[in-house]
Amino acid sequence: MLTKHADGIWTSHDPSFSFLGLRLGTRMTVIRTSTGKLWIVSAIRNRDGLYEAIQELGEVEAVIVPNKFHTLFGGACAQYFGVKVYAADITKPINNWDNDLLPLSDLKDPNIDQIPVGSNPTLKETLFFHRSSSTLIATDLFWNVTPQYGFKERLYARLNSVYCRLNSPGLVRMTTKDKAAFQATKHKLTSLDIERVILCHGDICDAKTAIEKALV
């Protein structure tokens with residue numbers, strides 16, 4: 001249900017989630033802030049008592065929609081915990097959420113860096129770096145599809161250079177418009193002491209070298 005990766009970092013993976021006919025699953029991350037409260041990044045559906053398990057960890061402060069595509073469950077999650085939705089620079093409606101979206105810039109924590117990926121207007125993604133655990137949290141910028149997935153999923157991953165390697169899928173690479181902004185993101189990420197990369201689609205990576213290779 002919830003997997004702890006380090007002090008203040010948990011994930012929950014929903015392997016049943018599919019899109020475009022591909023059953024690649026999706027992953028939510030829970031971060032404990034410096035104040036002890038929790039941020040939920042890229043919420044997934046409540047199943048098997050997941051939200052109740054999060055409540056046992058502490059008080060939820062915010063639900064975060066980190067890019068333009070992961071909008072399905074943020075509204076329902078925020079309603080459950082009675083908190084607000086903070087989003088990247090997007091205008092797309094959030095399912096089950098009629099209130100205003102608050103900007104991510106309103107959320108601040110000395111232990112969590114926000115890294116907007118300004119090079120891709122299609123994605124409009126913000127990454128998060130949890131300093132004390134050296135964990136980078138990505139959503140769709142990086143994938144890493146491994147052998148336990150089905151034939152269609154592995155084929156898609158091979159065609160998009162995300163099979164058994166951390167990389168940006170083809171759609172993300174094709175829609176990267178601002179090369180200078182991409183280089184700025186690359187410089188920022190390679191300057192960080194990253195030990196772990198959490199992503200929504202595929203397996204979590206435990207090496208900084210994976211980031212360096214993905215940004216070539």
Where A62 falls short, out of the listed (1) touching a His at 6+ places or on another chain (Cβ under 8 Å); (2) aliphatic (A, V, I, L, M); (3) part of a strand (DSSP E or B): (1)
Please verify whether I90 is at pLDDT 95 or above and either crowded, with 20+ Cβ neighbours inside 10 Å or among the aliphatic types (A, V, I, L, M) (or both), treating the condition exactly as stated. no
Of these, L22, L104, which one is surrounded by fewer than 20 Cβ atoms within 10 Å (Cβ to Cβ), out of contact with any Gly (no Cβ under 6 Å at 6 or more places or on another chain) and under 16 Å from E125 (Cα atoms)? L104
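Got a sec? Which of F81, F69 is in contact with a Ser or Thr (Cβ under 9 Å, 6 or more places away or on another chain), of a type outside the set (A, V, I, L, M), more than 18 Å from F129 (Cβ to Cβ) and buried (at least 17 other Cβ atoms within 10 Å of the Cβ)?
Among F81, F69, only F69 is in contact with a Ser or Thr (Cβ under 9 Å, 6 or more places away or on another chain), of a type outside the set (A, V, I, L, M), more than 18 Å from F129 (Cβ to Cβ) and buried (at least 17 other Cβ atoms within 10 Å of the Cβ).
Residues of the range 164-179 being among the charged types (D, E, K, R) and either under 26 Å from S34 (Cα atoms) or not in a helix (DSSP H, G or I) (or both), which ones? Reasoning before the result, please.
Taking the range 164-179 and keeping what is among the charged types (D, E, K, R), we get 165, 173, 177-179.
Answer for the range 164-179, where residues must be among the charged types (D, E, K, R) and either under 26 Å from S34 (Cα atoms) or not in a helix (DSSP H, G or I) (or both): R165, K177, D178.
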Against the condition more than 12 Å from the chain's Cα centre (by Cα) and surrounded by 18 or more Cβ atoms within 10 Å (Cβ to Cβ), how does D109 come out, does it pass? yes
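Looking only at residues that are under 24 Å from D109 (Cβ atoms) and among the polar types (S, T, N, Q) in the range 27-55, which one is surrounded by the fewest Cβ atoms within 10 Å (Cβ to Cβ)?
T35
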How many residues are modelled with pLDDT under 95 and part of a loop (DSSP other than H, G, I, E, B) if we restrict to the range 1-44? 10
Hey, does the range 165-181 have a residue that's free of Cβ contacts under 8 Å to residues at least 12 places away in the same chain and of a type in the set (S, T, N, Q)? no
Starting from the range 44-56, keep only residues that are within 11 Å of F73 (Cβ to Cβ), then list their pairs with residues that are among the acidic types (D, E) and surrounded by 15 or more Cβ atoms within 10 Å (Cβ to Cβ) whose Cβ atoms are within a distance under 6 Å, requiring at least 6 positions of separation or different chains. I44/D14
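On the basis of being more than 22 Å from Y156 (Cβ to Cβ) and touching a helix residue (DSSP H, G or I) at 6+ places or on another chain (Cβ under 9 Å), does V41 make the cut?
Here the answer is no, as V41 does not meet what is asked.
The values are calculated or read from the model by the stated rules, or taken from the named source; none is laboratory data. Please read these numbers as outputs of a predicted model, since none were measured by experiment. Cβ coordinates were reconstructed from backbone atoms using ideal geometry, including for glycine residues, and neighbour counts include every protein chain displayed.
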